[in-house]
1. Only one of 303, 265, 310 is at pLDDT 95 or above, touching a helix residue (DSSP H, G or I) at 6+ places or on another chain (Cβ under 7 Å) and outside the structural domain of residue 86 (by TED's automatic domain parsing). Can you tell me which?
2. Among what's in segment 158-196 and is within 21 Å of residue 280 (Cβ to Cβ) and modelled with pLDDT under 80, pick the residue that is surrounded by the fewest Cβ atoms within 10 Å (Cβ to Cβ).
3. Tally time: how many residues in segment 221-240 are in contact with a strand residue (DSSP E or B) (Cβ under 6 Å, 6 or more places away or on another chain) and either assigned by TED's automatic domain parsing to the domain that holds residue 90 or buried (at least 22 other Cβ atoms within 10 Å of the Cβ) (or both)?
4. Looking at segment 108-122 only, could you name the residues that are buried (at least 19 other Cβ atoms within 10 Å of the Cβ) and modelled with pLDDT under 95?
5. Those residues that are at pLDDT below 95 and touching a strand residue (DSSP E or B) at 6+ places or on another chain (Cβ under 7 Å), I need them from segment 85-105; list them, please.
6. For segment 197-213, how many residues are surrounded by fewer than 22 Cβ atoms within 10 Å (Cβ to Cβ), more than 26 Å from residue 300 (Cβ to Cβ) and at pLDDT 95 or above?
7. How many residues are farther than 18 Å from residue 55 by Cβ and out of contact with any helix residue (DSSP H, G or I) (no Cβ under 9 Å at 6 or more places or on another chain) when one looks only at segment 111-121?
8. Of the residues 299, 192, 283, only one is farther than 30 Å from residue 42 by Cα and part of a strand (DSSP E or B); which?
């Protein structure tokens, strides 16, 4: 069985540059291993709010989010071939109040400040070690085995996974989706946009290229795949510039019934060094009707999606 979740974490440094980590306690899938403070998103919760909530619960500290640092993904494998894909968003934070203390009766057993040198012998979860340049010891027996994300064969489960019926109140099913989108430009300064097809939310609006990532797929890999499928362009991801959270409690999709959608979107700048005429390559019936390059002065006359309008505003 293949499942997905989204989680958010924060990087807090002290005056000496050490990073605060928490160690998983008994009953936690990461017991005995160190990681950044944070945790799983709740439905309709912005990832930045998840970090604030997670820090308060696990460390006793009140923090403010200063900016997004990274978006990564990994797959943990369990018995009988089951797996869990986790999309992880990491933010820089600053502490504003509170007294440092481990979570009481919860998932974190200890707190500690680490430098790369002091973490050399510590069991650190791979995503934390990679982000901070830490070289950690092997994970304790019983901790989740986390593998780096990489393109995989299509999985039965889609990127918009339905929450089990036992946790979905009423007739409207809860859906969560993680996507990666790009502010895509070429050397001439033109912007690439895609037109949302009829039958899809936002139909008739020009949108940022991108879409939901597949099981086992890193955000940047998913974005570049979507860019080819939606426009025929080969791009290069430059940097992560933001994270967007969109909640629509009764959006009707191609299924023809209302769904309680929560979409988290990582937004990157992307450069297409050798642009060609934009054309949709994905199969007919997809969410993209057209793709086109636009000069910055042409953007004000377009009907833009919410995320496209906010992102291209930086160019005007």
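The values are calculated or read from the model by the stated rules, or taken from the named source; none is laboratory data. For clarity, every value in this text was computed on a predicted model and none was experimentally measured. Quick reminder, even Gly has a Cβ in these numbers, built from the backbone with ideal geometry, and neighbours come from all protein chains shown.
1. The unique qualifying residue is 265.
2. Checking each candidate, the answer is 158.
3. 6
4. 108, 114, 119
5. 102 - this is the single residue of segment 85-105 that is at pLDDT below 95 and touching a strand residue (DSSP E or B) at 6+ places or on another chain (Cβ under 7 Å).
6. 1
7. 5
8. Criteria check complete, one pass: 192.
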